[in-house]
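Undergrad: I have a structure here, written as structure tokens, and I will follow up with some questions on it.
The values are calculated or read from the model by the stated rules, or taken from the named source; none is laboratory data. Just so you know, these numbers come straight off a predicted model, no measurement behind them. Because the Cβ atoms are built from the backbone with ideal geometry, glycine has one as well, and the counts that use them run over all protein chains shown.
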């Protein structure tokens with residue numbers, strides 16, 4: 001099993017190109033199931049999760065070709081052979097459940113395995129089911145699979161979600177594009193990935209308004225056609241690499257970054273003493289003076305502070321001046337990186353959904369273990385600022401969400417290498 005060796009060696013300087021958004025691409029790929037015509041995605045990230053979604057679509061009979069070194073995904077669902085998403089594929093990745101809405105909308109039936117729990121909590125499907133039932137679907141859980149049907153087709157309706165779930169919003173919006181009549185989805189999630197999905201669906205002929213707000217209106221159409229769409233910049237990768245010069249010092253420009261994607265996160269960095277400046281190429285980030293200052297963080301749905309940047313922010317707060325409180329309100333069990341940071345000399349106390357971090361002057365390198373995707377990169381960031389060597393094991397998590405992480409950090413002066421397992 002591979003590991004990553006990081007040696008703290010001072011400030012970072014240079015440029016890091018930011019990839020297309022993993023979470024956007026994983027939502028856009030199932031949209032191909034809504035049409036018989038081809039859908040082509042450009043600026044796709046080169047990640048293991050994209051390969052998993054490819055395998056799932058191919059298992060349904062879709063044609064998927066990875067072009068230009070994986071940065072273009074060319075897909076066609078003109079001749080699907082199955083409407084069943086099997087557990088053996090779905091269990092590998094939460095986003096697999098996003099085939100449910102498109103299959104149900106186009107074919108009137110679908111059988112999709114429950115993805116089960118994951119390292120950061122159960123993340124149940126109830127919000128997805130409630131939204132699709134509001135469109136007339138009949139859904140039954142049998143033997144770990146959701147059996148969904150809409151014999152007369154889906155019908156538009158008004159539905160207010162109990163929580164602004166990103167995945168449920170995406171599933172319901174895709175299903176509603178082919179429903180009869182108008183659907184009004186209230187308390188919808190507002191993330192940039194949803195805006196990106198709507199822009200793609202609109203290119204395919206969907207009639208949708210209100211994306212980026214809490215109310216999305218969808219006027220159903222009879223069919224969708226093919227399209228070509230560029231995947232939006234990955235705001236989580238962007239935020240992660242913004243933290244590299246914040247924690248190490250130096251100045252790094254993140255190519256393709258845009259402030260509108262990370263406004264609440266950038267505001268916290270500014271309060272901590274980190275400069276974030278928009279350029280014609282992206283975002284330039286530099287620590288202002290000496291140690292950063294402790295700031296409190298509460299994770300919230302967009303446009304609030306992203307839960308997917310909480311672990312990385314904790315790594316920064318470990319060396320901040322003062323005490324910070326990080327409150328996780330989106331997912332349970334999302335502080336599993338804290339004990340690993342403590343192994344590196346961090347002062348962290350966790351009580352339920354709250355972590356209290358008292359900054360220390362310097363972390364110390366240590367062998368640590370990644371527990372999930374964002375935890376793995378938080379340990380790498382901590383290693384960049386630590387004294388001595390840090391070995392991060394179980395980095396297969398990393399490959400799900402960050403392409404060429406070693407190459408990108410080496411490019412700005414980090415001392416980092418991937419060690420192949422036996």
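Undergrad: Only residues that are surrounded by fewer than 24 Cβ atoms within 10 Å (Cβ to Cβ), outside any loop (DSSP other than H, G, I, E, B) and in contact with a helix residue (DSSP H, G or I) (Cβ under 9 Å, 6 or more places away or on another chain): list them for the stretch 27-49, please.
TA: Answer for the stretch 27-49, where residues must be surrounded by fewer than 24 Cβ atoms within 10 Å (Cβ to Cβ), outside any loop (DSSP other than H, G, I, E, B) and in contact with a helix residue (DSSP H, G or I) (Cβ under 9 Å, 6 or more places away or on another chain): 48, 49.
Undergrad: Taking the stretch 338-353 on its own, how many of its residues are surrounded by 15 or more Cβ atoms within 10 Å (Cβ to Cβ) and at pLDDT 95 or above? Lay out the reasoning, then the answer.
TA: The initial filter retains those residues of the stretch 338-353 that are surrounded by 15 or more Cβ atoms within 10 Å (Cβ to Cβ), namely 338, 340-346, 348, 350, 353.
With the extra rule that they be at pLDDT 95 or above, the set shrinks to 338, 340-346, 348, 350.
So the answer is 10.
Undergrad: Go through the stretch 291-312 and count every residue that is over 16 Å from the mean Cα position of the chain (by Cα) and under 13 Å from residue 355 (Cβ atoms). Quick ask: steps written out before the conclusion?
TA: Step one: list which residues in the stretch 291-312 are over 16 Å from the mean Cα position of the chain (by Cα), which gives 291-298.
Now restrict to residues that are under 13 Å from residue 355 (Cβ atoms): 294, 296-298.
Of the residues in that region, 4 qualify.
Undergrad: Now for a different question. Would you mind stating whether residue 64 is in contact with a strand residue (DSSP E or B) (Cβ under 8 Å, 6 or more places away or on another chain) and surrounded by 24 or more Cβ atoms within 10 Å (Cβ to Cβ)?
TA: no
Undergrad: Continuing with this model, one more query. Within the stretch 67-104, restricting attention to residues that are under 18 Å from the mean Cα position of the chain (by Cα) and assigned to a loop (DSSP other than H, G, I, E, B), which residue is modelled with the highest pLDDT?
TA: The qualifying residue modelled with the highest pLDDT is 71.
Undergrad: Going by what's in this entry, would residue 276 be described as touching a helix residue (DSSP H, G or I) at 6+ places or on another chain (Cβ under 7 Å), in contact (Cβ under 8 Å) with a residue 24 or more places away in the chain and either outside the structural domain of residue 341 (by TED's automatic domain parsing) or over 21 Å from residue 192 (Cα atoms) (or both)? Before the answer, list the steps.
TA: Details: touching a helix residue (DSSP H, G or I) at 6+ places or on another chain (Cβ under 7 Å): yes; in contact (Cβ under 8 Å) with a residue 24 or more places away in the chain: yes; either outside the structural domain of residue 341 (by TED's automatic domain parsing) or over 21 Å from residue 192 (Cα atoms) (or both): no.
It is false that residue 276 is touching a helix residue (DSSP H, G or I) at 6+ places or on another chain (Cβ under 7 Å), in contact (Cβ under 8 Å) with a residue 24 or more places away in the chain and either outside the structural domain of residue 341 (by TED's automatic domain parsing) or over 21 Å from residue 192 (Cα atoms) (or both).
Undergrad: Sticking with this one: List, please: which pairs have Cβ atoms under 9 Å, are six or more places apart or on different chains, and start with a residue in the stretch 218-229 that is in contact (Cβ under 8 Å) with a residue 24 or more places away in the chain and in the same structural domain as residue 131 (by TED's automatic domain parsing) and end with one that is in a strand (DSSP E or B) and exposed (fewer than 15 other Cβ atoms within 10 Å of the Cβ)?
TA: Final answer for the pair search is 218/207; 218/209; 219/207; 219/209; 220/207; 221/207.
Undergrad: In this structure, is residue 360 touching a residue at least 40 places away in the same chain (Cβ under 8 Å), under 19 Å from residue 262 (Cβ atoms), assigned by TED's automatic domain parsing to the domain that holds residue 13 and surrounded by fewer than 24 Cβ atoms within 10 Å (Cβ to Cβ)? Give the derivation first.
TA: Numbers: touching a residue at least 40 places away in the same chain (Cβ under 8 Å): yes; under 19 Å from residue 262 (Cβ atoms): no; assigned by TED's automatic domain parsing to the domain that holds residue 13: yes; surrounded by fewer than 24 Cβ atoms within 10 Å (Cβ to Cβ): yes.
No: the conditions fail for residue 360.
Undergrad: Among the numbered criteria (1) outside the structural domain of residue 245 (by TED's automatic domain parsing); (2) surrounded by fewer than 19 Cβ atoms within 10 Å (Cβ to Cβ), which single criterion is violated by residue 9?
TA: Here residue 9 meets the rest and fails (1).
Undergrad: Another question, if that's okay. Examine the stretch 323-330 for a residue that is assigned to a strand (DSSP E or B), within 15 Å of residue 239 (Cβ to Cβ), under 24 Å from the mean Cα position of the chain (by Cα) and assigned by TED's automatic domain parsing to the domain that holds residue 289, and state whether such a residue exists.
TA: yes
Undergrad: Taking only the stretch 105-115 into account, find how many residues are within 24 Å of the chain's Cα centre (by Cα) and not in a strand (DSSP E or B).
TA: So the first thing to find is which residues in the stretch 105-115 are within 24 Å of the chain's Cα centre (by Cα), and the list is 112-115.
Now narrow it down to the ones that are not in a strand (DSSP E or B): 114-115.
Of the residues in the stretch 105-115, 2 are within 24 Å of the chain's Cα centre (by Cα) and not in a strand (DSSP E or B).
Undergrad: Does at least one position in the stretch 365-382 carry a residue that is out of contact with any helix residue (DSSP H, G or I) (no Cβ under 7 Å at 6 or more places or on another chain) and surrounded by fewer than 20 Cβ atoms within 10 Å (Cβ to Cβ)?
TA: Checked against the condition, which is being out of contact with any helix residue (DSSP H, G or I) (no Cβ under 7 Å at 6 or more places or on another chain) and surrounded by fewer than 20 Cβ atoms within 10 Å (Cβ to Cβ), the stretch 365-382 yields at least one hit.
Undergrad: Counting residues that are touching a strand residue (DSSP E or B) at 6+ places or on another chain (Cβ under 9 Å), at pLDDT below 95 and closer than 14 Å to residue 218 by Cβ, which strands (runs of 3 or more DSSP E) fully inside the stretch 136-200 reach at least 3? Show your work before the answer.
TA: Working: elements: 138-142, 145-149, 158-160, 182-186.
Fully inside the stretch 136-200 and qualifying: nothing.
Undergrad: For the structure I just gave you, tell me whether residue 203 is modelled with pLDDT of 95 or more, farther than 25 Å from residue 23 by Cβ and either in contact with a strand residue (DSSP E or B) (Cβ under 7 Å, 6 or more places away or on another chain) or surrounded by fewer than 19 Cβ atoms within 10 Å (Cβ to Cβ) (or both). Explain how you work it out, then say what you get.
TA: On the way: modelled with pLDDT of 95 or more: yes; farther than 25 Å from residue 23 by Cβ: no; either in contact with a strand residue (DSSP E or B) (Cβ under 7 Å, 6 or more places away or on another chain) or surrounded by fewer than 19 Cβ atoms within 10 Å (Cβ to Cβ) (or both): yes.
Spelling it out, it is not the case that residue 203 is modelled with pLDDT of 95 or more, farther than 25 Å from residue 23 by Cβ and either in contact with a strand residue (DSSP E or B) (Cβ under 7 Å, 6 or more places away or on another chain) or surrounded by fewer than 19 Cβ atoms within 10 Å (Cβ to Cβ) (or both).
Undergrad: Go through the stretch 207-217 and count every residue that is farther than 24 Å from residue 45 by Cβ and either crowded, with 21+ Cβ neighbours inside 10 Å or assigned by TED's automatic domain parsing to the domain that holds residue 405 (or both). Explain how you work it out, then say what you get.
TA: Of the residues in the stretch 207-217, the ones farther than 24 Å from residue 45 by Cβ are 207-210, 213-217.
Adding the requirement that they be either crowded, with 21+ Cβ neighbours inside 10 Å or assigned by TED's automatic domain parsing to the domain that holds residue 405 (or both) leaves 216.
Of the residues in the stretch 207-217, 1 are farther than 24 Å from residue 45 by Cβ and either crowded, with 21+ Cβ neighbours inside 10 Å or assigned by TED's automatic domain parsing to the domain that holds residue 405 (or both).
Undergrad: Within the stretch 383-422, which residues are part of a helix (DSSP H, G or I), at pLDDT below 95 and crowded, with 21+ Cβ neighbours inside 10 Å? Quick ask: steps written out before the conclusion?
TA: So in the stretch 383-422, the residues part of a helix (DSSP H, G or I) come out as 383-385, 395-400, 405-410.
Within this subset, residues satisfying the condition of being at pLDDT below 95 are 385, 395-400.
Listed by number, the residues that qualify are 385, 395, 398.
Undergrad: Next up: Just give me the residues in the stretch 151-162 being in contact (Cβ under 8 Å) with a residue 40 or more places away in the chain and closer than 21 Å to residue 188 by Cβ, in sequence order.
TA: 154, 156
Undergrad: Only one of (1) out of contact with any strand residue (DSSP E or B) (no Cβ under 7 Å at 6 or more places or on another chain); (2) modelled with pLDDT of 95 or more; (3) buried (at least 19 other Cβ atoms within 10 Å of the Cβ) fails for residue 55. Which number is that?
TA: Condition not satisfied by residue 55: (3).
Undergrad: With respect to residue 132, determine if the residue is more than 18 Å from residue 96 (Cβ to Cβ), surrounded by 24 or more Cβ atoms within 10 Å (Cβ to Cβ), in contact (Cβ under 8 Å) with a residue 24 or more places away in the chain and in the same structural domain as residue 27 (by TED's automatic domain parsing).
TA: Numbers: more than 18 Å from residue 96 (Cβ to Cβ): no; surrounded by 24 or more Cβ atoms within 10 Å (Cβ to Cβ): yes; in contact (Cβ under 8 Å) with a residue 24 or more places away in the chain: yes; in the same structural domain as residue 27 (by TED's automatic domain parsing): yes.
Here the answer is no, as residue 132 does not meet what is asked.
Undergrad: I'm checking my understanding of the structure. Among residues of the stretch 107-128 that are surrounded by fewer than 24 Cβ atoms within 10 Å (Cβ to Cβ) and at pLDDT 95 or above, which one is nearest to residue 158 (Cα to Cα)? Break it down into steps so the answer makes sense when it comes.
TA: Filtering the stretch 107-128 down to residues surrounded by fewer than 24 Cβ atoms within 10 Å (Cβ to Cβ) leaves 107-109, 111, 113-127.
Add one more test, that the residue is at pLDDT 95 or above, and what stays is 107-109, 111.
Numbers: 107: 22, 108: 20, 109: 21, 111: 25 Å.
Among those residues, the one meeting the criterion is 108.
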